[in-house]
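Visitor: Just passing along the structure, written as structure tokens.
What follows is calculated from the coordinates using simple rules that are stated; it is not laboratory data. As the structure is a prediction and not an experimental result, all values here were calculated from the model. So basically every Cβ, Gly included, is an ideal-geometry build from the backbone, and we count neighbours across all protein chains shown.
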Amino acid sequence: MIEITSFGSGSKGNAYRVTDGVTPLLLECGIKYREIQKGFEFRMSEVAGCLLTHEHGDHSKSVKDVLKAGINVYASQGTIDSLGITNHRFKPVKALQQFQLGTWTIMPFDTEHDVSEPLGFLLANQAGEKLLFATDTYYIKYVFPGLTHIMVECNYSLDILDQNILEGRVPQVMRKRLIRSHFSLENVKEFFKANDLSKVKEIWLLHLSDTNSDAELFKKEIMALTGKMIIIP
């Protein structure tokens with residue numbers, strides 16, 4: 001049974017605990033290490049590993065502390081190189097080359113963000129459940145059969161962004177960067193339409209923008225489209 005806990009989601013910091021009841025994992029470490037410790041009830045020796053999507057601080061803030069705690073961190077070579085940290089607990093992984101972590105089988109895949117080599121992760125447990133984790137990407141080119149849990153970024157709505165630009169709350173230059181680096185509500189909907197959601201139990205919408213999103217609207221529209229339980233941490 002997959003259980004997901006959010007310790008932080010958004011530009012201030014991202015970190016999540018995911019377990020299948022046997023192997024607890026940390027997804028991202030973009031908040032203070034003390035907060036991560038609290039989230040795991042200070043039982044850090046039980047954490048089988050940390051999956052890191054890319055090097056931006058709101059995802060990697062406490063990576064040195066995680067490594068120091070003896071936890072292996074799995075990331076692309078591009079992410080490791082960009083962080084500039086040499087540590088034997090950094091484990092480079094490649095897109096579409098699966099690996100085993102405790103009871104999880106993990107398939108990294110390439111995503112689209114303004115960094116060196118960003119990844120998303122597909123996690124499968126021994127009970128046949130599948131969790132998709134994808135954040136900080138403006139597009140996902142893959143289709144994933146048999147998903148039971150989805151954690152996906154839904155950063156902004158194009159309509160809200162354009163209204164904010166029109167009213168001077170957001171500079172025009174931000175539009176281009178957002179469109180080429182983050183997942184919009186509109187693109188998330190297209191992603192859901194492209195995938196078979198028949199087995200999905202819950203959908204987590206992650207990393208909502210402070211200014212260019214509307215949590216209630218996003219929840220309502222994705223629920224109407226998918227008919228699934230929607231959680232916004």
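Visitor: For the chain, what is the calculated [θ] at 222 nm in deg cm²/dmol (nearest 500), taking -39500 (n - 2.57) for each run of four or more DSSP H residues and dividing by its residue count?
Guide: Helix contribution divided over all residues of the chain: -7000 deg cm²/dmol.
Visitor: Run down the lysines and flag those whose C-alpha is under 16 Å from the C-alpha of Lys199, throwing out any fewer than 8 positions away in its chain.
Guide: Lys130, Lys228
Visitor: With both bridge residues required to lie in the stretch 3-229, what share of the DSSP beta bridges run antiparallel, to the nearest 5%?
Guide: 55
Visitor: Another question, then. How high is the relative contact order of the stretch 3-229, given as a whole-number percent (alpha carbon pairs under 8 Å, six or more residues apart)? If you can, show how the numbers build up before the last one.
Guide: On the way: 477 pairs, mean separation 32.9, N = 227.
Across the stretch 3-229, relative contact order equals 15 percent.
Visitor: Follow-up. Tell me the chymotrypsin sites (Phe, Trp or Tyr not before Pro) within the stretch 1-94 that lie in a loop according to DSSP and have at most 14 other beta-carbon atoms within 10 Å. Walk me through the numbers on the way to the answer.
Guide: Details: sites: Phe7, Tyr16, Tyr33, Phe40, Phe42, Tyr74, Phe90; in loops: Phe40, Phe42.
When the chymotrypsin sites (Phe, Trp or Tyr not before Pro) of the stretch 1-94 are filtered for loop state and at most 14 Cβ neighbours within 10 Å, Phe42 remain.
Visitor: Output needed: percent of Cα pairs per 10 Å distance bin for the stretch 55-202, bins running from 0 to the one holding the longest distance.
Guide: Values per bin, smallest distances first: 10, 34, 33, 18, 4, 0.
Visitor: Placing unit charges on C-beta atoms (Lys and Arg positive, Asp and Glu negative, everything else neutral), compute the dipole magnitude of the chain about its Cα centre in debye, rounded to 20.
Guide: 400
Visitor: Which one, Asp159, Asp110, Asp136, has the greatest fluctuation when you compute a Gaussian network model over the chain with C-alpha springs under 10 angstrom?
Guide: Greatest mean-square fluctuation among the candidates belongs to Asp159.
Visitor: Moving on to the next point. Taking the Cα centre of each part, how many Å lie between the stretch 71-100 and the stretch 177-233?
Guide: About 28 Å separates the Cα centre of the stretch 71-100 from the one of the stretch 177-233.
Visitor: How about Lys61: which lysines have a C-alpha closer than 24 Å to its C-alpha, ignoring those fewer than 8 places off in the same chain?
Guide: Straight-distance partners of Lys61: Lys12, Lys32, Lys38, Lys91, Lys94.
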